[in-house]
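Colleague: Got a structure for you, written out below as structure tokens; questions coming shortly.
The values are calculated or read from the model by the stated rules, or taken from the named source; none is laboratory data. Quick caveat: nothing in here was measured; it's all calculated off a predicted structure. Please note: Cβ atoms are built from the backbone with ideal geometry, for glycine as well, and neighbour counts cover all protein chains shown. Ligands, DNA and RNA are stripped out before the accessible areas are found, and what is left, the full protein with its side chains, is counted by its heavy atoms. Shrake-Rupley method; radii C 1.70, N 1.55, O 1.52, S 1.80 Å.
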Amino acid sequence: YADKTIQSYHCSVTEPYHREYIGLEDLMFMGYNTDTAYEHIKQSPIVLDEINSFPILQPANINILKYYPQFFVEIVNLTFFSGNTFYVDEKIWRPIIMRTPFMIQGPQNYITNLQKIGFKTFGDYWDEGYSQDSCNCHVPAMLENVRTLSNLSVHELAAMYQAMQPILEHNYQRLMTITAPEFLL
């Protein structure tokens, strides 16, 4: 869906920090096509605007927000996507702040954990059952969700987005009021 998406991927094999966390071995052992992963990594980083700053959390790197009006859904790929963890960072907060629907590639039960602390998700609009499965099941299920969405007309997507407004506003308000102790599930 490269012709229908805005994509970025900041990992770069030229950065020592990134090399350590690429995880080709993990992909291989989870049964992913490592040839495809290798081709993807060779093309990385994939950037929207060339910015020569490191680390990623520099203010100049937050310029991705200007692209959000073009998004229907954000596919959030969390840094820690396996194991027993509930690590929240800017990747999940961005779509919430920008009132954008999201799917999450993260650790097992990540969506359930978000719901436990008061956020609403989009199970009425696409299948979120993948979040209950191990992380190696997420990508195929998310691709099926994307296939389904890509077959909808612009009118149908606009109607769906309008119907999602209460969820998007709820999540924004929840983020504005959440406190640190509430993260202790």
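Colleague: Sequence-distant or interchain residues sharing an amide H contact under 5 Å with I104, placed H: which?
Modeller: V76
Colleague: Return the carbon/sulfur percentage of the accessible area of the range 67-159, one whole number, probe 1.4 Å, all protein chains in place.
Modeller: 52 percent
Colleague: For K120 and H170 in the same chain, what is the full-extension length gain: residue separation times 0.36 nm, less their Cα-Cα distance, in nm? Don't jump to the answer; show the numbers that get you there.
Modeller: On the way: separation 50, 0.36 × 50 = 18.00 nm, distance 0.74 nm.
The K120-H170 span can extend by a further 17.3 nm.
Colleague: Ranked from highest to lowest mean number of other Cβ atoms within 10 Å per residue, what is the order of the peptides 152-159, 97-104, 73-80, 177-184?
Modeller: Sorting 152-159, 97-104, 73-80, 177-184 by mean packing, highest first, produces 97-104, 73-80, 152-159, 177-184.
Colleague: N109's amide H: which non-local residues (gap 5+, or another chain) put their own amide H closer than 5 Å, with H modeled 1.01 Å from N in plane and none for Pro or chain starts?
Modeller: Sorted by chain and number, the residues that satisfy this are Q132, D133.
Colleague: Hey, rough spin-label estimate for A163 and S150, points 7 angstrom out along Cα→Cβ, what's it come to in nanometres?
Modeller: Label-label distance for A163 and S150, simple model: 2.2 nm.
Colleague: Quick one: accessible surface of D133, probe radius 1.4 Å, all protein chains present, in square angstrom to the nearest 10.
Modeller: Per-residue accessible area (D133): approximately 70 Å².
Colleague: With an 8 Å cut-off on Cα pairs and a minimum separation of 6 or more residues, tell me the relative contact order of the range 76-147 in percent.
Modeller: So the answer I get is 31 percent.
Colleague: With the other protein chains left in place, how much accessible area per residue, in square angstrom, belongs to the range 98-185 at a 1.4 angstrom probe?
Modeller: Using a 1.4 Å probe on heavy atoms only, each residue of the range 98-185 averages 52 Å².
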